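Only one structure is covered here, and it is reproduced in the block below.
What follows draws every value from the coordinates through simple rules; no lab data is involved. Here the structure is a predicted model, which is why all the values come from computation and not from measurement. Positions of Cβ are generated from backbone atoms using ideal geometry, with glycine treated the same way; all protein chains shown enter the neighbour counts.
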């Protein structure tokens, strides 16, 4: 038994570490783009940031497709139904192409209108619009990068997507600077050069992943509507969950803004620091989804429980350690981002609050990953809605807008939110209703 648990622990770490690195590299690509255009001035920085925001909102809709891909491939792969897994992968690629073309059309037609609605300065819009147009023209590569990574992760291969993201980042860094500033005999494209570099790098990454997926893909003589329904049933609630979360964060941020620029700056810097703990949490969540999905596909429910337990235990240990750093060394962390003492004072309070969140966050993220692996995505969407809109927003509105208490009480609403979500996830998992969910009935059984 002890050897079995140790093997599961190694498997969890083997899956989680490459996913964590991949997530870090995905964030790095956007950060590098902003950094490289920094020499052009403040307006280009704002333009690239605005263009990235619109692309992020668009690709949030693809998150459901990526998670659905991971869950269904994992369950079929775990049950050794490789033909079904390969046909599912091919169908998902076709579906992702249709979705990416739709996102391209929507982005090209609405990006300027959305920028104006957000209140961007005309000078920023003038630069952001060409950048955003190129990003949306090339968005199919962004979508394929996500979906192809999910296909491979569903089979248990998390290293290949990591290698792809390493290649994407290295290529992006190598070509972005000369395209932006006109080096190596190239014309200086400015902000447009940043978009071209992203497109070339992500196209190369997509082609590499597609070549590695060839042994997995299986042809299908007809359109499998059962596969399309499966991806909708699993993926649609995931996209709904992300939309509910992002909408809540926007309103929560507006409440924080009531306390002024210093409070908002402390909030944003604190979130940037706290995001470091999200990366390993996300890695363990995807690892749990993959391993639990494969075990359920093979009918090994006891093993699925052990995998969930080990992923939770490891996530709690790592994120708690980061929480200790947040609580006892906030000044050093904040000083790396700002020298404003007022921001540091408020940011110290923020980091001590989020330090207390690390255990509820770890449990919620990994339990949600395990439930996703079982296909129980609707409940996760409901739990997110309850936590964000039933707990966090009402408490923040009551303390911040109605009672005009300090921002400290608004930030405490985050603890209430994630604690409620943790309780809901624990209740759902222990009910074992996830065992009865059948995300896809194989035509070979």
Between residue 184 and residue 56, what is the FRET efficiency for a Förster distance of 30 Å, r being their Cβ-Cβ separation, to the nearest 0.05? 0.50
Quick check: the distance between the Cα centres of region 369-402 and region 303-354, to the nearest angstrom? 21
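Under the 0.36 nm per residue contour assumption, what length would be gained going from the current alpha-carbon distance of residue 83 and residue 382 to full extension? Walk me through the numbers on the way to the answer.
Details: separation 299, 0.36 × 299 = 107.64 nm, distance 3.36 nm.
Difference between extended and current length: 104.3 nm.
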If I stretch the segment between residue 249 and residue 114 completely, what's the gain in nm (0.36 nm per residue apart, minus their alpha carbon distance), one decimal? 46.8 nm
Just rank 14, 69, fewest to most, by other beta-carbon atoms within 10 angstrom. 14, 69
Residue separation between residue 321 and residue 258 times 0.36 nm, minus their alpha-carbon distance, gives in nm 19.4 nm
What residues from region 267-292 fall in the zone where the backbone N is under 19 Å from a label point 7 Å along the Cα-to-C-beta line of residue 335? 269-270, 273-274
Bins of 5 Å, starting at 0 and running to the largest distance - Cα pair percent for region 231-436: 1, 8, 14, 18, 18, 15, 11, 7, 4, 2, 1, 0
Cα pair distances exceeding 26 angstrom across region 55-192, given as percent: 39
In which sequence would 139, 437 go, from the one with the fewest C-beta neighbours within 10 Å to the one with the most? 437, 139
Going by how many other Cβ atoms sit within 10 Å of their own, how do 127, 25 line up, fewest first? 25, 127
Separation of region 67-121 and region 204-263 by C-alpha centroid, Å? 7
How many percent of Cα pairs in region 123-198 exceed 14 Å? 68
Once you order the gyration tensor axes a ≥ b ≥ c over the Cα atoms, which shape class does region 326-430 get: rounded for a/c under 1.5, otherwise prolate or oblate by comparing a/b with b/c? oblate
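Using the beta-carbon distance between residue 404 and residue 28 and R0 = 56 Å, what value does 1/(1 + (r/R0)^6) give for FRET efficiency, to the nearest 0.05? If you can, show how the numbers build up before the last one.
Numbers: r = 40 Å, r/R0 = 0.71.
Efficiency at R0 = 56 Å is approximately 0.90.
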Dividing the mean separation of Cα pairs under 8 Å (6+ apart) by the residue count of the chain yields a relative contact order in percent of 21
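So how do 371-382, 224-235 stack up, highest first, on mean other-Cβ count within 10 Å?
Numbers: 371-382: 23.5, 224-235: 18.0.
With the highest mean Cβ count within 10 Å placed first, the list reads 371-382, 224-235.
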Compute the semi-axes of the equivalent ellipsoid of the chain, taking the square root of 5 times each eigenvalue of the Cα gyration tensor, and list them largest first in whole Å. 34, 30, 20
